[in-house]
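Inspection log for the structure reproduced underneath, given as structure tokens.
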Amino acid sequence: MTPALRRALLAWYDAERRALPWRGTRDPYRILLSEVLLQQTRVEQALPYYRRFLERFPTLEALAAADEEAVLAAWQGAGYYARARNLLRLAREVARAGWPRDRAGLLQLPGVGPYTAAAVASIAFGEPVAAVDGNVRRVLARVHAEPEPGAAWLGRAAADWLEPARPGDWNQALMELGARVCTPRNPDCAACPLAGICRGRAAPERYPAPRKRRARTEERWALVLQAPGGVVLEHRSTGQLAGLWGVPMGPGAAPPAVALARYRARAVEPAGTVRHAFSHRRLVVHVFRGRAPEGGVAPGARPLAELDRKLLRAAGLEGAAEGEA
DNA sequence: AAAGCGGGGAA
DNA sequence: TTCCCAGCTTT
């Protein structure tokens with residue numbers, strides 16, 4: 001990060017912010033409101049709510065004097081209503097005790113976390129601290145070609161870059177660069193003042209690496225039915241594990257009567273649970289074993305997923321999956 | 001560590 | 001239709 005590049009980025013921001021009504025103020029109340037109300041979602045989506053709220057409560061004192069019902073009415077439609085309540089609590093506290101002048105003090109206020117505290121401290125009070133939101137995270141990850149920007153790495157990278165003479169403008173410049181140029185999809189690299197040093201430019205979508213889908217836990221039932229010839233197996237033609245064979249399985253904690261009827265299952269009893277993790281979901285499968293008059297297949301003769309091997313073992317068919325049935 | 005918040009746009 | 005967003009609080 002050369003001095004010339006710093007100037008280029010700040011110049012880009014100075015030009016951009018004329019069109020950004022929520023930028024360019026040093027009033028901590030307005031800054032806080034914009035961070036709380038705009039930061040969480042698309043700006044164009046939230047801007048009308050921001051304007052309406054500011055019109056109704058132009059100052060922190062006006063907000064502090066209001067009752068909660070009026071505050072929620074002004075917030076109506078913006079979502080995240082707990083934030084409105086936190087903001088009111090904050091306003092009353094600040095009206096009484098004054099603004100904390102640094103990040104540590106701001107952090108104690110209700111609804112203010114590390115990002116918001118750093119943003120207000122740097123923009124309103126000029127404290128040289130880096131504010132890292134999702135936009136800044138993306139910019140840093142791309143310029144450094146870092147696919148996994150962890151919290152510690154981000155803290156170091158952001159602090160290294162910070163422009164101590166204009167910390168508020170610097171933080172806002174990076175945020176807006178991420179929001180307007182270095183976007184998650186289809187970044188406008190041709191318009192980016194940092195393109196010259198960006199090591200991730202060739203493959204911006206890799207930085208940061210797409211977040212792993214959070215593994216969600218799903219409950220399933222599975223039927224392990226012994227039948228002449230082996231075990232009832234079905235060919236999974238669609239969905240998960242398509243192409244492989246497996247035991248009948250479905251959503252829920254126990255097989256519905258219609259499923260039992262379909263296989264003419266008899267003597268069905270619980271046989272424990274099996275846990276199996278895919279990259280994007282965690283299954284908890286409740287295994288039931290029983291007998292059926294037909295449909296038996298030798299499991300060793302069909303391609304089975306590891307999940308189904310586990311299910312067979314849970315039902316007491318140790319060797320079945322290895323082809324010894 | 002993970003879920004919930006809540007609205008809208010993308011997939 | 002479901003998924004995801006982004007920071008903070010709560011569990």
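A few remarks follow.
- Cα-centre dipole for chain A with unit charges at Cβ (Lys and Arg positive, Asp and Glu negative), debye to 20: 340 debye
- Efficiency of FRET between A:A190 and A:D27 - r from beta-carbon atoms, R0 35 angstrom, step 0.05: 0.50
- Couplings 3J(HN,Hα) of segment A:178-190, computed from phi: x, 7, 10, 10, 8, 7, x, 10, 6, x, 8, 4, 5 Hz, in residue order, whole Hz [Karplus 6.51 cos²θ - 1.76 cosθ + 1.60, θ = phi - 60°; x for Gly and Pro].
- MRE, 222 nm, helices only [DSSP H, n ≥ 4, -39500 (n - 2.57), over chain A, to nearest 500]: -12500 deg cm²/dmol
- In the distance distribution for chain A, Cα-Cα pairs more than 31 Å apart total 53 percent.
- Shown in residue order for segment A:70-84 are the 3J(HN,Hα) couplings computed by the Karplus curve 6.51 cos²θ - 1.76 cosθ + 1.60 at θ = phi - 60°: 5, 5, 5, 5, 5, 8, 3, x, 7, x, 6, 5, 4, 5, 5 Hz (x for Gly and Pro).
- Whole-Hz couplings from phi, Karplus 6.51/-1.76/1.60, listed for segment A:53-69; x for Gly and Pro: 5, 5, 5, 6, 10, x, 9, 4, 5, 4, 5, 4, 7, 7, 9, 4, 4
- The residues A:I31, A:I123, A:I197, when put in order of fewest to most other Cβ atoms within 10 Å, stand as A:I197, A:I31, A:I123.
- Label-point separation, A:A159 to A:A209 (7 Å along Cα→Cβ), nm: 2.5 nm
- Across chain A, Cα pairs under 8 Å and at least six residues apart give a relative contact order of 13 percent.
- Positive-end residue of A:A104, A:A305, A:A66, charge dipole of chain A with Cβ unit charges: A:A305
- Restricting the trypsin sites (Lys or Arg not before Pro) of segment A:153-187 to loop positions (DSSP other than H, G, I, E, B) with no more than 11 neighbouring Cβ atoms within 10 Å leaves A:R185.
- Proxy reagent accessibility, fewest Cβ within 10 Å first, across A:C189, A:C198: A:C189, A:C198
Coordinate-derived values only; no laboratory data. Remember, it's a predicted structure, so these values are computed and weren't measured experimentally. Glycine also receives a Cβ, built like all others from the backbone with ideal geometry; neighbour counts cover every protein chain displayed.
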